[in-house]
Structure formats: C-alpha cells, structure tokens
Amino acid sequence: MSVSVFNRCWSRVILETLVRQGVSHVCIAPGSRSTPLTLEAVRLQNAGSVTCHTHFDERGLGFFALGIAKATQSPVAIIVTSGTATANLYPAIIEARQTGVNLFVLTADRPPELWECGANQAILQQNMFGQYPVANVNLPKPNADYSGQWLISILEQAAFQQKQQGGVVHINVPFSEPLYDATDEAVDSHPWLLPLQRWLIQTKPWMNVEAQQNEVLMHENWDHWRTKRGVVVVGQLPAEQAMGINSWASAMGWVLLTDIQSGVVPTTPYEDIWLANQTVREKLLQADIVIQFGARFISKRINQFLQAFKGEFWLVEQSGKALDPYHHSLTRFNAKAHHWLRAHPPLRQKPWLLEPLALSKFCATFIEQQVGGNLTEASLALRLPTLLPYNGVLFLGNSLLVRLVDALTQLPESYPVYTNRGASGIDGLLATAAGIGIGSNKPVVAVIGDTSTLYDLNSFALFKNVTQPTVIFVINNNGGAIFDMLPVDEQVKDQFYRLPHNGDFSQIASMFDLKYAHPYTWADLNSVVKQAYSRRKATLIEIKTNPSDGSSLYKRLIEQISHAVIGA
C-alpha cells in the first residue's frame, strides 16, 4: 500500500466531512507536511465545493480565516504544516474562542515515531492550544485498521460540540513520508474508500442531528416588571438581532444605552461621555431593573454603571456563555434578542428619566465644538458615518480608536460593525478586516491604529485579493496613544508604553502595491474616499495626528461633562 496514496485518502475523508459541516472556505499556509491536506483542498476547489485562500504568514492566516467566518457566519478550515507554524495560530484561536467564531484548525504533524527524538520540525502538537478549542481531535497517523466510518464519526462529534458551544476544533493530523507521489486516480480507486462511495457522491453529513427549536416564553412576572423604571443596555449583537430594540425601549419609556457593536441606534447617544456626569449616573442607578442584550461593552462608563447597579438584572444572550463580569444575581435568557422581544411586549409609558436625553442633546453640540473642523482621529470618529459606503461594512481596530468611535460615532441602524473584542488584542487586525471583505463580498472600511498596523504588516498582502472597494484608515499618532490615558511618568510612558516609531506608511503601501493617500483636510479626504470607492481594490489612507490630540480631547470631554449641570 502506498503511504502517500493513503495519506490522501485519509485527508479526503477529513475535508469531505468538514464540507458537509458547512465549510466552504479553506485557508492554507505553504508547507510540506500538510501536502496531503492541501492537495485534497485544491481538489475540492476544482470541484466547486470550496474556495481556497493562501497566505505566507500563519498568524495572519488565522485572523483572515476568523474574518471570513465572522462575515459568512459559517465555519472556516485552516491548514498549516508542522512545527512553529502551528503555534502562530494561537492568537486567532484565542479570539475565536472568546467570541464563539467557528474554525476548524488542521495542523499537519510529524508521525509519533519522530516526536521527542531530535527530529527536525517535530514539536508537541497534541492539545497544544490548551483549553481554547471546544474539541481536540488527536488523530493517529493514517492507518487502514481504522475505518473511514470511524474517522467521519469522530470528526462529526467534534463538529457537534462546536455547534453547541461555538469556537475552534483543533484536528492534529500526523503524516508519514512519502507525501507527494499520489495521483487522484489512485486515491479515487483505493479499496479503503469503497464503503464510503455513496456518502462521497452525496452532500449529507454522516450523522443527522435534528435542530431543537427552543421557544422563548414570557417571564412569569413580566406584567410586574414592565411597569417599573428600567434601563436597556445593548452590547455586541449579530445584525439580525438589533432590529426593534430601539422602538421597544422607547415604547417602554426606558433609558437605552448602546455599544457601537450593537447595530442599535441610540436614543441618547454619546453615553460613554454623558455617563461621566455623576448626578445623572446616580439617578440612572435608581432604576428598578436593567435588561442587557448581548455583551462585551467598550465603554468604561457603561461598564462602571453595570458594576454599580444592584437591582433586578436580566441578561438576554443566545450563546449560554457566562457574560456578566460583575456577577449579578440575575435572570438569564439563552435566546436571540428579537425572539425575546416578541415574547415580552412593551407597555407604552412616558420616560421615567429625562436627564439622559437632555445631557445627550447638550453633548451633541458640545462635542462638535470641541472636536472642531480639522482632520484628526477624533473628527474622523465623529464624522465617520459620512464616509461609509452604502451596503458596506465597518471594521474597527482596538485601543484608543475603538473607544473614540464608540464614544462619538452614530452609525445608521443595523450598519454591520466588526471588531476583535474577544481578547481585544492588536494582533491580526488587518488580516481580520481582509477576511471580512472576502467573506462579505461588500465594500469595507477598516479603521486601525499605527501600532496595530505595524504589528500586522504582512497581512497587507491579503488585500491584493479583494474584489470590492476597500478603504484602510491608518491613524498615525506616532505610537500607542491609548497609553496617554495612564497615570505614568511621561518619560517612562514614551520609552516603555507609547514607543514612537517616527515613520509613515507610504513606502509600505508601495511595497504591497496598494493605493495610498495622505489627506490633510476634510476636503482632501472626501476627494480621496470618492476615488477609493470607484476602484475594486484596497486604498490605504493615512491620517497623521499629533500624538496626544485624541487622548487629550477624550479626557477633556469626560472631565468637562462630569461637572456639567443640566436641567431636566
């Protein structure tokens, strides 16, 4: 029996199983040991079953796959070779686990006889991602003593766990050499595959699992609680769940606090700013009940309010994961937001608290005056909606930028917003944005800081494959401006936190064959953006600002609003 042919048979069953679990995109990094998996993925692409993507950087590849999975809401497979190539997937696996994004990570491995004996590129890969995967499948090296039915079943069981919990399945696949001399004809006719022929020509999974429809029932005391003073807090939500929350809260007369990731239009925008006002915050804490939809709030002020609230607390979120870092005594609904709303009709009543609306209106004028007309990171955040394409998507980086957008931006209802706020790292942000563009097949606007961009430079190569207008705003404030918020000595802060780089991104854009612009005014920017949307390719737009402008304005807004006296 040819080892290389059977390696391919084994790989065929693995990938055919994953396709039947919803995989239509396979992200591949170059490598020798993963050849059987790679060639079977290419065969599936030639058959029209999957689309294959490649990248030379495994860390970026992992985040690229994460972006595709976010945009398509379907699992994505990743194929890498053995050794440290596998370890570079760890950050993306962490982010996927934190946010319940489904990835199948296929790591090719040396066979067991080469482990821990000094063999080249052989590291300990079994269970190497610890507790972050929802399932670890440590396969033996391909062996005809194991039936194809067994292989399918063990993979489908892992996929079932993934569907229940959301997250990553790690499949470690050892291969012996030789790896290259198999032909498609030899694989097609191999006797080990004969019992699977009927399954191979169909598209059904081996195991059919009937989906359970869990109806959301009205809470037994809803008629009581809907007459009380309430606050609705909305965090990160899928776009289809955002509809109706604003009108529901308005009908109830309850205060609505929204995160930029929610897709819900706020009735009292600029919450992150006006919640700094101690008088209004104390009145808000007099609410009888808080109902939270979604989770993972960017705003420090919203988080502080949730931490301080001691009344009745309800959490509506579909995953079933623990998502209350303040450990309230709560009522939990494992349900989609719009399903919960249908089961809990509002009671029309007047607003119970008017101060948030008054303070929000004051903030609208006050913030506009403070931000001014110059092109800065703060003015970009404030006026970002004027730059967004119709039917596009927005990707936001982390650190200071995402806080400014959350505090200052009012997006159109249900405009798709993507972030990596599971672990909130700065790694892989460009790669994720590229994956979202490929997965959504829509125009993309990505707004990312300079340090984050430097951390993920290799991923600019992924934007060569975009087929829709893509704008990448790089906010160059010469280092990590988020650290300006820290009470650290300035000299120490510059040397050990901010790390100024004193560079620009024009040559980097040239290196990766990207269109580049560095506008100085809003008129320049509007012209550049208009040109960018006329091209089905990526444009890097660098916004240069003074290092502390954005952080200073942010701190100033919070400080001044905290002392504002606003009448009801």
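Numerical summary
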item: Verdict on residue 408 being open to solvent by less than 10 Å² (accessible area, probe 1.4 Å) and in contact with a strand residue (DSSP E or B) (Cβ under 9 Å, 6 or more places away or on another chain); result: no
item: Top-ranked residue of the stretch 359-381 - restricted to ones that are open to solvent by 30 Å² or more (accessible area, probe 1.4 Å) and farther than 30 Å from residue 524 by Cβ, ranked as nearest to the chain's Cα centre (by Cα); result: 361
item: Matching residues in the stretch 306-324 - criterion: being more than 20 Å from the chain's Cα centre (by Cα) and open to solvent by 20 Å² or more (accessible area, probe 1.4 Å); result: 307, 308, 310, 311, 312
item: Of all residues in the stretch 450-491 being of a type in the set (D, E, K, R) and assigned to a loop (DSSP other than H, G, I, E, B), the one that is farthest from the chain's Cα centre (by Cα); result: 489
item: Count of the stretch 29-73 residues which are within 15 Å of residue 438 (Cα to Cα) and either surrounded by fewer than 24 Cβ atoms within 10 Å (Cβ to Cβ) or not β-branched (Val, Ile, Thr) (or both); result: 19
item: Qualifying residue in the stretch 100-115 (condition: within 17 Å of residue 436 (Cβ to Cβ) and open to solvent by less than 10 Å² (accessible area, probe 1.4 Å)); result: yes
item: Residues that are free of Cβ contacts under 8 Å to residues at least 60 places away in the same chain and within 21 Å of residue 275 (Cα to Cα), drawn from the stretch 382-416; result: 382
item: Of residues in the stretch 4-30 being small (Gly, Ala, Ser) and over 27 Å from the mean Cα position of the chain (by Cα), the one nearest to residue 108 (Cα to Cα); result: 11
item: Residues within the stretch 165-196 that are under 30 Å from the mean Cα position of the chain (by Cα), hydrophobic (A, V, I, L, M, F, W, C) and open to solvent by 20 Å² or more (accessible area, probe 1.4 Å), tallied; result: 0
item: The one condition in (1) out of contact with any strand residue (DSSP E or B) (no Cβ under 7 Å at 6 or more places or on another chain); (2) part of a helix (DSSP H, G or I) that residue 433 fails to fulfil; result: (1)
item: Selection within the stretch 499-524 - open to solvent by less than 70 Å² (accessible area, probe 1.4 Å), at pLDDT 95 or above and either more than 20 Å from residue 468 (Cβ to Cβ) or part of a loop (DSSP other than H, G, I, E, B) (or both); result: 505, 506, 508, 512, 514, 518, 519, 521, 522, 524
item: Filter pass, residue 270 being of a type outside the set (D, E, K, R) and more than 27 Å from residue 394 (Cα to Cα); result: no
item: Among residues of the stretch 82-123, those that are in contact with a Lys or Arg (Cβ under 8 Å, 6 or more places away or on another chain), of a type in the set (A, V, I, L, M) and within 24 Å of residue 238 (Cα to Cα), counted; result: 2
item: Matching residues, the stretch 446-485, being open to solvent by 10 Å² or more (accessible area, probe 1.4 Å), among the aliphatic types (A, V, I, L, M) and within 25 Å of residue 536 (Cα to Cα); result: 454, 457, 461, 466
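Yes/no matrix, rows are residues, columns are (1) under 14 Å from residue 10 (Cβ atoms); (2) part of a loop (DSSP other than H, G, I, E, B); (3) at pLDDT 95 or above:
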| site | (1), (2), (3) |
| --- | --- |
| 127 | no, yes, yes |
| 176 | yes, yes, yes |
| 196 | yes, no, yes |
| 204 | no, yes, no |
| 211 | no, yes, no |
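The values are calculated or read from the model by the stated rules, or taken from the named source; none is laboratory data. These numbers were taken from a predicted model, which means no experiment stands behind them. So basically every Cβ, Gly included, is an ideal-geometry build from the backbone, and we count neighbours across all protein chains shown. Ligands, DNA and RNA are excluded from the accessible area calculation, which covers all protein heavy atoms including side chains. Shrake-Rupley method; radii C 1.70, N 1.55, O 1.52, S 1.80 Å.
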